[in-house]
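Structure first, commentary second.
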Amino acid sequence: MLEILKRFFAFCSEENRNKFYKSLIADIFMSIFEAIKIPAIAIVVQALIEQNVTGKTVWLSLILMLVSVIGSGLIKFTAVMRQTEGGFDTCAEKRIEIAEHMRNMPMGAFNDSSLGYIASVTTNTMQNLENAATRVVMLVTHGLLMTAVIIVMLAFFDIRISLIILLGTVLFFMVNTALIKTSENVSKQKIEKDAVLTDRILESIQGMAVIKAYHLTGQKNSALQEALEDNCRANTEMEMNVIPYMGLQTVIVKLMGVCMAFASVCFYIKSSMDLLTCIMMIISSFIVCASLETAGSYSALLRTVDTCVSQAEEILHWESMDTDGKDITPESHDITFDHVSFSYDTRKVLDDISLSIPSGTSAAFVGPSGSGKTTITRLMARFWDAQNGTVTLGGTDVREYSMDSLMKNFSFVFQNVYLFHDTIADNIRFFDPDAPMEEVIAAAKKACAYDFIMALPDGFETVIEENGASLSGGERQRISIARAMMKDAPVIILDEATANVDPENEYELTLAMEALTKEKTVIMIAHRLKTVQNADQIFVVDHGRIVSSGTHEQLMKEEGIYRNFINARKEAASWKIGEADA
């Protein structure tokens, strides 16, 4: 128990740790004020025994009670506020710290399995920790401190009773240690099941159209149903595993109170304890039992605190890239790959890639799905670090740039557009939040997005749903292109940038893209013939290697993937629906 509390305090920042320490000091004084009830009661009991109850006796007892209640109440307010601030601020800071850490993690860390885990830790885990930090830690520490104060106080009256409490407390801690060890594995399972459930819920929400189309709602959605049942079993198992130990803790605490009362009566009968002390020991037995029982009731949840801390620390220890390079402004924007190889875990994606893209030229990458085209473009912008070889921008290894100075050189238009739950205007000026509205409107017009934006209820101030769910694919794509235009970076990476554009807007958008990419270094991944054939260089990628390169005319003269690719596109474009025979 104490080890978990120590680890939690180490997890907090120094400022928040001091808040908890101050609350613990306040808890000590609060326990002392609450213990003042004992001498207040003793004054009345003494007067009753002596049959000499006077107004002075009553007023003295009342004053002590008021001091106890008011003093403990005021200090409790301070302690609770400090612990509440410390708990919520710690979780808020850790969420931000995790987000900052993820900025420097390679994109390969964000796969389908890890996203659910990260989402669960930053939501469920941090929420559990907020509740535990502000309630469990406070109640457990207060229960332990109150017990310690009463042990010390009663030692002045009768050391024998204090030893009985001490022995009971030792037995309580032995059972409590076993309880925490028992709950360790099931707590981990619970957190893991929470992560799986979060992943399944996100998956179900994102794929709701498919689920409904195949009538897999409710119990027919087997993956979600199984995750719900597993989560339920994990929660039930955790409770069932700790209940016997919690019951044994309660029995020990109750027996300790009985032993205190029984021993006090025996000492009184044997004349080794006066009547006043005997009565006060019996009354104190109820107080100390209540304090220790409170600590025991919530101590099982300390394992949740420990597990939450472990999961947050696990993400913070995930491998990150060194982004503290130099602020470099390259004189040119030549991009070169020198014998670059790259793998996702054990799967090799790129094998000894070498290429050069001069500044101000355009390069297109074509090839089968999964051949490594997207990975090549991601390595240029250092979404990952190559395991072998070097990638340079303007003659400087991209790893020598600070991440901010490197990113200033790149604008992206991805096939899978991501828009934030914000206004359309703020999504367009994402790179420069202070950009004037005139520039936003100009970018939207160039991207052929102005008309549909103005048709929305609030125009540019329309708040779109998360990931632009309220917009069509083509509308999201055009907003993404407008965003790239606003950034106006010297290197443009286009990943099927016009894949979701409506046919009626394609011509205008093509002109806008030409304006966007004029006098810039352009890297594109495309499957459309008109997009590819005008590139200065075309790189054909297959199984992680550059199998051929050149201009459209050069590659069309060679047998291979590119000519087959172009011929297949031409054949598909010439298909027509024939008229039925009369």
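Which one of these is at pLDDT 75 or above, part of a strand (DSSP E or B) and crowded, with 16+ Cβ neighbours inside 10 Å: L494, L406? Full working, then the answer.
Details: L406 fails: part of a strand (DSSP E or B).
Answer to the check: L494.
Residues in region 240-257: is at least one surrounded by fewer than 18 Cβ atoms within 10 Å (Cβ to Cβ), among the hydroxyl-bearing types (S, T, Y) and within 26 Å of the chain's Cα centre (by Cα)?
no
Taking region 351-377 as the search range and keeping residues that are hydroxyl-bearing (S, T, Y) and assigned to a strand (DSSP E or B), which one is modelled with the lowest pLDDT? Full working, then the answer.
First, pick out the residues of region 351-377 that are hydroxyl-bearing (S, T, Y): 354, 356, 359, 361-362, 369, 371, 374-375, 377.
Among the residues that remain, those that are also assigned to a strand (DSSP E or B) are: 354, 356, 362.
Details: S354: 93, S356: 93, S362: 88.
Filtering region 351-377 for residues that are hydroxyl-bearing (S, T, Y) and assigned to a strand (DSSP E or B), the one modelled with the lowest pLDDT comes out as S362.
Is there any pair with a first residue in region 124-145 that is in the same structural domain as V80 (by TED's automatic domain parsing) and a second that is among the acidic types (D, E) and modelled with pLDDT of 70 or more whose Cβ atoms are under 8 Å apart and which are 6 or more apart or on different chains, and what are they?
N124/D194; T125/D194; M138/D27; T141/D27; H142/D27; G143/E293; L145/D27
Scan region 293-307 and give yes if some residue there is surrounded by 15 or more Cβ atoms within 10 Å (Cβ to Cβ), free of Cβ contacts under 8 Å to residues at least 40 places away in the same chain and in the same structural domain as Q46 (by TED's automatic domain parsing), otherwise no. Talk me through it step by step, then tell me what you get.
Looking only at region 293-307, we keep the residues that are surrounded by 15 or more Cβ atoms within 10 Å (Cβ to Cβ), and these are 293-307.
Cutting the leftovers down to free of Cβ contacts under 8 Å to residues at least 40 places away in the same chain gives us none.
No, region 293-307 contains no residue that is surrounded by 15 or more Cβ atoms within 10 Å (Cβ to Cβ), free of Cβ contacts under 8 Å to residues at least 40 places away in the same chain and in the same structural domain as Q46 (by TED's automatic domain parsing).
Looking at N505 and the list (1) under 19 Å from L379 (Cβ atoms); (2) modelled with pLDDT under 75; (3) among the polar types (S, T, N, Q), which single condition is not satisfied?
Condition not satisfied by N505: (1).
Of the conditions (1) free of Cβ contacts under 8 Å to residues at least 12 places away in the same chain; (2) more than 30 Å from V175 (Cα to Cα), A290 fails just one. Which one is it?
(2)
What pairs come out if I take residues in region 554-567 that are hydrophobic (A, V, I, L, M, F, W, C) and pair them with residues that are surrounded by 15 or more Cβ atoms within 10 Å (Cβ to Cβ) and in a helix (DSSP H, G or I) whose C-beta lies under 6 Å away, six or more apart or interchain?
L555/Y562; M556/R563
Give all pairs with beta carbons closer than 6 Å in which a residue from region 432-461 that is surrounded by fewer than 16 Cβ atoms within 10 Å (Cβ to Cβ) meets a residue that is in a helix (DSSP H, G or I) and acidic (D, E); count only pairs at least 6 apart in sequence or on separate chains.
none
Condition check: over 25 Å from I151 (Cβ atoms) and touching a Cys at 6+ places or on another chain (Cβ under 6 Å). Does T90 satisfy that? Talk me through it step by step, then tell me what you get.
Numbers: over 25 Å from I151 (Cβ atoms): yes; touching a Cys at 6+ places or on another chain (Cβ under 6 Å): yes.
Considered against the rule, which asks whether it is over 25 Å from I151 (Cβ atoms) and touching a Cys at 6+ places or on another chain (Cβ under 6 Å), T90 comes out as yes.
Quick check, is E319 outside any helix (DSSP H, G or I), under 34 Å from the mean Cα position of the chain (by Cα) and of a type in the set (D, E, K, R)? Working first, answer last.
Working: outside any helix (DSSP H, G or I): yes; under 34 Å from the mean Cα position of the chain (by Cα): yes; of a type in the set (D, E, K, R): yes.
Taking the combined requirement at face value, the residue satisfies it.
Tell me which of these Y401 doesn't satisfy, since it passes every other one: (1) in the same structural domain as S354 (by TED's automatic domain parsing); (2) within 25 Å of K348 (Cα to Cα); (3) of a type outside the set (G, A, S); (4) surrounded by 15 or more Cβ atoms within 10 Å (Cβ to Cβ).
For Y401, the exception is condition (2).
For a quick check of your reading: which helices (runs of 4 or more DSSP H) sit entirely within region 1-81 and have at least 2 residues that are in contact (Cβ under 8 Å) with a residue 12 or more places away in the chain, farther than 24 Å from L154 by Cβ and assigned by TED's automatic domain parsing to the domain that holds T307? Steps first, answer last, please.
Details: elements: 2-11, 14-35, 37-49.
So the answer is 2-11, 14-35.
Please go through region 409-431 and pick out each residue that is of a type in the set (F, W, Y) and not in a strand (DSSP E or B).
Here is the first cut: in region 409-431, the ones of a type in the set (F, W, Y) are 410, 412, 414, 418, 420, 430-431.
Of everything in region 409-431, those that are of a type in the set (F, W, Y) and not in a strand (DSSP E or B) turn out to be F414, Y418, F420, F430, F431.
Only one of N52, N16 is out of contact with any strand residue (DSSP E or B) (no Cβ under 7 Å at 6 or more places or on another chain) and closer than 15 Å to V137 by Cβ; which? Before you say what the answer is, go through the steps one by one.
Values: N52 fails: closer than 15 Å to V137 by Cβ.
Within the list N52, N16, the selection yields N16.
The values are calculated or read from the model by the stated rules, or taken from the named source; none is laboratory data. Values in this document were obtained by computation on a predicted structure and should not be read as measured data. FYI the Cβ positions are ideal-geometry reconstructions off the backbone, even for glycines, and counts take in every protein chain you see.
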